[in-house]
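The block underneath contains the structure these notes are about, expressed in structure tokens.
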Amino acid sequence: RMGHGGGWGGWERAMTQRSTIRARARPVLEAGETIQEVFPARTARVGGFVAKSWIVAATDRNIVIFFARRLSQTTPSKLVLRLPRETRLGPVNGGMFTQLNVNVEGKPILAQRRFFPDVERADGLRT
């Protein structure tokens, strides 16, 4: 897993982050909705403006995007967007970030390299 996330330390942090996000997002989903994949994302930084953080959850029913709290990027604070499950998030590219095929608040959101496998798995589970 060295290719995604800059070595074992990045991979371990990503696994912990996924577990934390999954546990915190579960209570704010619809009853019976199951998380298939979950990962953090962010709005591209423009000029001097701070990027916004998001949580993307691919469930058995939808793609759900939450605004993430600024101090804890693993805590969903508000449901922002619910898309059909057949929505394709990728493809991912070879850079440090990939732009997802989803816009939030009129802006594209980005996934970091260590979460590329999550994007690919989410797309592979589309209905």
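Under the definition of Cα pairs under 8 Å and six or more residues apart, what whole-number percent is the relative contact order of the chain?
Details: 242 pairs, mean separation 29.2, N = 127.
23 percent.
Shown here: the chain, whose C-alpha atoms stretch 36, 34, 27 Å along the first, second and third principal axes, sorted largest to smallest.
Quick one: putting +1 on the C-beta of Lys and Arg, -1 on the C-beta of Asp and Glu, what dipole do you get for the chain around its Cα centre, in Debye to the nearest 20? Walk me through the numbers before you get to the answer.
Values: 21 positive and 10 negative charges, 79 e Å.
So the dipole magnitude of the chain works out to roughly 380 debye.
Rounded to the nearest 20 debye, the dipole size of region 72-127 about its Cα centre is 80 debye, using +1 on the Cβ of Lys and Arg and -1 on the Cβ of Asp and Glu.
What the Cα atoms of region 68-127 give is an Rg and a Dmax of 12.2, 34 Å.
Here the Karplus curve 6.51 cos²θ - 1.76 cosθ + 1.60, taken at θ = phi - 60°, turns the phi angles of region 71-86 into couplings of 7, 9, 6, 9, 10, x, 10, 7, 6, 10, 8, 10, 10, x, 4, 6 Hz, with x standing for Gly and Pro.
Taking all protein chains in place and a 1.4 Å probe, what share, in percent, of the accessible surface of region 18-127 do carbon and sulfur account for?
Here it works out to 52 percent.
The values are calculated or read from the model by the stated rules, or taken from the named source; none is laboratory data. Bear in mind the structure is a predicted one, so any value in this text is a computation, not a measurement. Cβ atoms come from the backbone with ideal geometry, glycine included; neighbour counts cover every protein chain shown. SASA here: full protein model, heavy atoms, side chains in, ligands and nucleic acids out. Shrake-Rupley method; radii C 1.70, N 1.55, O 1.52, S 1.80 Å.
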